[in-house]
Structure formats: C-alpha cells, structure tokens
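A short worksheet on the structure shown next.
No lab work stands behind these numbers, since they all come straight from the coordinates. Owing to the predicted nature of the structure, the values given are computational and were not obtained by experimental measurement. Note that each Cβ is placed from the backbone with ideal geometry, even for glycine, and that neighbours are counted across all protein chains shown.
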Amino acid sequence: MVALTADDTRLLKDVGLFIEPVEVYDARGKLLGLFVPANLERLKEIDAQLVKQIDWDEIENRRPSNEEGAAFETVQERLKLLQEEVERRETAGEGELTADEAVEFIDRLRNRTVFQCWNPDATCPDQ
C-alpha cells in the first residue's frame, strides 16, 4: 500500500492520481486516514496487463537452476561495477557494451572471489 504524508505542499488533486489505496499521514507521522480512489478498476486493468507480460516458461526454466544465489548487496555491487564500466568506456570513447559483453562482464564478476579486483582503484590481496 502507498503511504502519503499530507502537508502544505500536497493538494487533494495529488491523491486523485493514485489508482490504489493510500495511507495519509500528517507531517508528524500520525495516520490521518485511508484514501481509496474511485478508479480501482484501473489498478485491476494494469495488473492484468502486467500479468500478460510475464514469461511463465522462462520462470519455469529458471526454477530448477543449481546456481548459487547472491545477497542483494552483492548484486548491487556487481551492477555498480557494470555501471562504472559503461561510464569508463563512454569516457574513453570506446563503443557501448553489447548485451553479450554486459552478461560476460557480470559472469566474470560472479566467478571472482574478490570483487574489488575488478575495480582498477582497488588493491587486490592476490596481487
């Protein structure tokens, strides 16, 4: 559920944009009430559209994976390093990463035991 803090900058028309129930709080954090929009059908329509986009076969294909999962922080760090690589290549005037190169980059990170070794500014313990 969405939460909204009502203060001098929030107008009634703002809550009119929501398509799902909204908890409304005052500036001190006290719950004032629950706003339920009249257009809840719109939420159901959007949900139905999103469900149609789900690739259930892909989900089933991934389910039996024996790959070890990774902590959220680890995934965040890998994505940060990927973003840094994209920016480095852009600054250096190199071509954009292709999708295959990005996957290869992440795969290499996944296979490394020390992530910092991918960061050129870091000192790696095995070097």
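Annotations for the structure displayed:
- In terms of surrounding Cβ atoms within a 10 Å radius of their Cβ, LYS80, LYS30 rank from fewest to most as LYS30, LYS80.
- Karplus (6.51, -1.76, 1.60) ³J(HN,Hα), θ = phi - 60°, over region 22-30, in Hz, Gly and Pro reported as x: 10, 7, 10, 10, 7, 5, 8, x, 7
- Full extension of the segment from ILE59 to THR91, taken as 0.36 nm per residue of separation minus the current Cα-Cα distance, would add 7.8 nm.
- For ILE19, distant residues with modelled amide H under 5 Å away: none
- Cα-projected label distance for ASP26 with ALA3, points at 7 Å along beta-carbon direction, nm: 1.7 nm
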